[in-house]
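Participant: Let me begin by handing over the structure; questions about it come next.
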Amino acid sequence: MSTFKVKAYGAESNTADLQEMNIERRETTSNDVEIEILYCGVCHSDLHTARNDWGGSMYPVVPGHEIVGRVTKIGNDVSKFKVGDLAAVGCLVDSCGHCDSCKHDLEQYCLNGFTGTYNGQDKHIGGHTFGGYSQKVVVDQHFVLSVPENLDLAAVAPLLCAGITTWSPLRHWNVGPNSKVAVVGLGGLGHMAIKLAKGLGAEVTLFSRTPGKTNDAKQLGADHVIISTDDSQMEDVKGKFDIIIDTVPYEHDINPYMQTLSLNGTLVLVGFVGEFQQAEVSTRPMIFQRRSVAGSLIGGIAETQELLDFCGKHNIVSDIELIKMQDINKAYERMLKSDVKYRFVIDMQSL
């Protein structure tokens, strides 16, 4: 298969800074869409993969799975897009297409393994996939999304990961106008969970360990803020919430939050990937009130398109800080300190 070179930013090892490099993209096949990347969001997963925090990183790593751009070329069989259209690519660029999950538009749970936008096995030209920290990307039309024209393009980018990661559980657990939703953690995921739950008409509460985030949370749309270290405040919301979206990306004790779930309530983990080593989870609040602890991973293509359309209708986007590609290493260090409100987005014209 013929290829062409594009400029990108990536890491050669887990200890190396990201720097400019050239990578290969495939020429468009009959079902492919070529996209000039205008903006790319910066996700915690980018940093984890670049530094091999989860193991299994393939180098060179070119991160980026919150991609927004314009279509520059299409294959002969492409019907969903035309040259000049706004387009987006999220965390997935391929899946088997025939397992039970894929048949139900749940490609993120592909039983044969989805292909990630970066660090996945490239079925077309071999090697591994490269992400959106680059000039262009070529993706099968099934995995390309339409972007509403009325939205701020840069601020759309984080919807492709932070947005869909919180939207998917909100939809799966049928959040609507009569729902009581709580969010744990006010970062890239947490701020989107608040905006989207509020957009769906729910009563929204933020759990915070400190009072300092109260004003920010309410500006984002939260109705209430509960200080989780205050026993009296936690007692006041005992048995209240239908669903808790837990966005905290590190090991933490979920037991205090379990008591705040209603009968049949569910705490959904979307931020922490790994095992709880320190705190054991008590089954008592689960058994006696039929409460659940669940997990949720990004979303399928149809669900992501539903999210983008919803955001277009309700004018919902992420709160971002726009950076140049050359500042990505500084951004990673700031991200480790939670020094961003609430998502970095790269202006790819700087590349």
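The values are calculated or read from the model by the stated rules, or taken from the named source; none is laboratory data. This one's a predicted model, so the numbers in the text were calculated from it and none came from an experiment. Every residue, glycine among them, receives a Cβ derived from its backbone with ideal geometry; neighbour counts consider all protein chains shown. Please note that ligands, DNA and RNA were not included when accessible areas were found on the heavy atoms of the full protein model with its side chains. Shrake-Rupley method; radii C 1.70, N 1.55, O 1.52, S 1.80 Å.
Participant: Suppose we filter G163, G199, G120, G190 for residues that are over 21 Å from V268 (Cα atoms), under 19 Å from the mean Cα position of the chain (by Cα) and modelled with pLDDT of 95 or more; which single one remains? Step through it out loud before you land on a result.
Facilitator: Values: G163 fails: over 21 Å from V268 (Cα atoms); G199 fails: over 21 Å from V268 (Cα atoms); G190 fails: over 21 Å from V268 (Cα atoms).
The conditions single out G120.
Participant: Do you know which residues across region 43-62 are within 18 Å of V270 (Cβ to Cβ), crowded, with 24+ Cβ neighbours inside 10 Å and touching a helix residue (DSSP H, G or I) at 6+ places or on another chain (Cβ under 9 Å)?
Facilitator: C43, D46
Participant: Find the residue count for region 26-36, including only residues that are outside any loop (DSSP other than H, G, I, E, B) and surrounded by fewer than 20 Cβ atoms within 10 Å (Cβ to Cβ). Spell out the reasoning first.
Facilitator: In the first step, residues of region 26-36 are kept if they are outside any loop (DSSP other than H, G, I, E, B); the result is 26, 32-36.
Filter again for surrounded by fewer than 20 Cβ atoms within 10 Å (Cβ to Cβ), leaving 26, 36.
Residues that pass the stated criteria total 2.
Participant: Follow-up. Can you tell me which residues in region 202-228 are among the charged types (D, E, K, R) and within 23 Å of the chain's Cα centre (by Cα)?
Facilitator: Passing the criteria: E203, K213, D216, K218.
Participant: Another question about this same structure. Residues in region 1-19 that are of a type in the set (A, V, I, L, M, F, W, C) and open to solvent by 60 Å² or more (accessible area, probe 1.4 Å): how many? Spell out how you get there, then give the answer.
Facilitator: So in region 1-19, the residues of a type in the set (A, V, I, L, M, F, W, C) come out as 1, 4, 6, 8, 11, 16, 18.
Among the residues that remain, those that are also open to solvent by 60 Å² or more (accessible area, probe 1.4 Å) are: 1.
Qualifying residue count for the region: 1.
Participant: Write out, first by first residue and then by second, each pair whose Cβ atoms fall under 6 Å of each other, whose residues are 6+ apart or on separate chains, and whose first residue, in region 107-126, is over 13 Å from V138 (Cα atoms) while the second is charged (D, E, K, R).
Facilitator: Note: pairs meeting the criteria are F114/E107; T115/D94.
Participant: Sticking with this one: Going by the conditions given, is K82 of a type in the set (K, R) and touching a residue at least 40 places away in the same chain (Cβ under 8 Å)?
Facilitator: Values: of a type in the set (K, R): yes; touching a residue at least 40 places away in the same chain (Cβ under 8 Å): no.
Judged against the criteria, K82 is not a match.
Participant: Next question. Considering only residues of region 37-55 that are of a type outside the set (S, T, N, Q) and assigned to a loop (DSSP other than H, G, I, E, B), which is nearest to the chain's Cα centre (by Cα)? Talk me through it step by step, then tell me what you get.
Facilitator: Of region 37-55, the ones of a type outside the set (S, T, N, Q) are 37-44, 46-48, 50-51, 53-55.
Then keep just the ones that are assigned to a loop (DSSP other than H, G, I, E, B); that gives 42-43, 51, 53-55.
Working: V42: 10, C43: 7, R51: 19, D53: 18, W54: 17, G55: 20 Å.
The selected residue is C43.
Participant: Go through region 169-180 and report how many residues are out of contact with any strand residue (DSSP E or B) (no Cβ under 9 Å at 6 or more places or on another chain) and either in a helix (DSSP H, G or I) or touching a residue at least 60 places away in the same chain (Cβ under 8 Å) (or both).
Facilitator: Of the residues in that region, 1 qualify.
Participant: Residues Q305, Q289, Q326: which one is assigned by the TED database to the domain that holds A217 and either of a type outside the set (K, R) or in contact with a helix residue (DSSP H, G or I) (Cβ under 7 Å, 6 or more places away or on another chain) (or both)? Write out each step before concluding.
Facilitator: On the way: Q305 fails: assigned by the TED database to the domain that holds A217; Q326 fails: assigned by the TED database to the domain that holds A217.
That would be Q289, the only listed residue that is assigned by the TED database to the domain that holds A217 and either of a type outside the set (K, R) or in contact with a helix residue (DSSP H, G or I) (Cβ under 7 Å, 6 or more places away or on another chain) (or both).
Participant: Considering only residues of region 32-66 that are of a type in the set (A, V, I, L, M, F, W, C) and over 19 Å from V340 (Cβ atoms), which is modelled with the lowest pLDDT? Lay out the reasoning, then the answer.
Facilitator: Step one: filter region 32-66 for residues of a type in the set (A, V, I, L, M, F, W, C), giving 33, 35, 37-38, 40, 42-43, 47, 50, 54, 58, 61-62.
Narrowing the set further to residues that are over 19 Å from V340 (Cβ atoms) leaves 33, 35, 37-38, 54, 58, 61-62.
Numbers: V33: 98, I35: 98, I37: 98, L38: 98, W54: 90, M58: 97, V61: 98, V62: 98.
Selected residue: W54.
Participant: Looking only at residues that are loosely packed, with under 15 Cβ neighbours inside 10 Å and among the basic types (K, R) in region 259-313, which one is farthest from the chain's Cα centre (by Cα)?
Facilitator: R284
Participant: Taking only pairs six or more apart or across chains, which ones have beta-carbon atoms under 7 Å, a first residue in region 142-157 that is closer than 17 Å to A302 by Cα and of a type in the set (F, W, Y), and a second residue that is open to solvent by 10 Å² or more (accessible area, probe 1.4 Å) and part of a helix (DSSP H, G or I)?
Facilitator: F143/I301
Participant: Is it the case that some residue within region 278-290 is of a type outside the set (A, V, I, L, M), in contact (Cβ under 8 Å) with a residue 24 or more places away in the chain and within 30 Å of T117 (Cα to Cα)?
Facilitator: For region 278-290, residues of a type outside the set (A, V, I, L, M), in contact (Cβ under 8 Å) with a residue 24 or more places away in the chain and within 30 Å of T117 (Cα to Cα): absent.
Participant: Do we find that V93 is assigned to a strand (DSSP E or B), closer than 23 Å to G187 by Cα and within 19 Å of the chain's Cα centre (by Cα) in this structure? Walk me through it before giving the result.
Facilitator: Working: assigned to a strand (DSSP E or B): yes; closer than 23 Å to G187 by Cα: no; within 19 Å of the chain's Cα centre (by Cα): yes.
Criteria not met by V93.
Participant: With (1) touching an Asp or Glu at 6+ places or on another chain (Cβ under 7 Å); (2) more than 30 Å from K103 (Cβ to Cβ); (3) not polar (S, T, N, Q) as the list, and A302 as the residue in question, which single condition is left unmet?
Facilitator: Failing condition for A302: (2).
Participant: Just the residues that are part of a loop (DSSP other than H, G, I, E, B), open to solvent by 40 Å² or more (accessible area, probe 1.4 Å) and not charged (D, E, K, R), please, taken from region 314-351. Outline the logic, then answer.
Facilitator: So the first thing to find is which residues in region 314-351 are part of a loop (DSSP other than H, G, I, E, B), and the list is 315-319, 337-342, 351.
Within this subset, residues satisfying the condition of being open to solvent by 40 Å² or more (accessible area, probe 1.4 Å) are 315, 319, 337-339, 341.
Hits for region 314-351 are N315, S338.
Participant: Let me ask something else about it. If you go through region 126-141, how many residues are in a loop (DSSP other than H, G, I, E, B) and open to solvent by less than 40 Å² (accessible area, probe 1.4 Å)? It would help to see each step written out before you state the result.
Facilitator: The first filter runs over region 126-141 and keeps only residues in a loop (DSSP other than H, G, I, E, B), leaving 126-127, 129-133, 135.
Subset that is open to solvent by less than 40 Å² (accessible area, probe 1.4 Å): 126, 129-133.
Here the count works out to 6.
Participant: Further, regarding this structure: Between N22, N119, N76, N112, which is open to solvent by 30 Å² or more (accessible area, probe 1.4 Å) and closer than 22 Å to D327 by Cβ?
Facilitator: Exactly one of N22, N119, N76, N112 is open to solvent by 30 Å² or more (accessible area, probe 1.4 Å) and closer than 22 Å to D327 by Cβ, namely N22.
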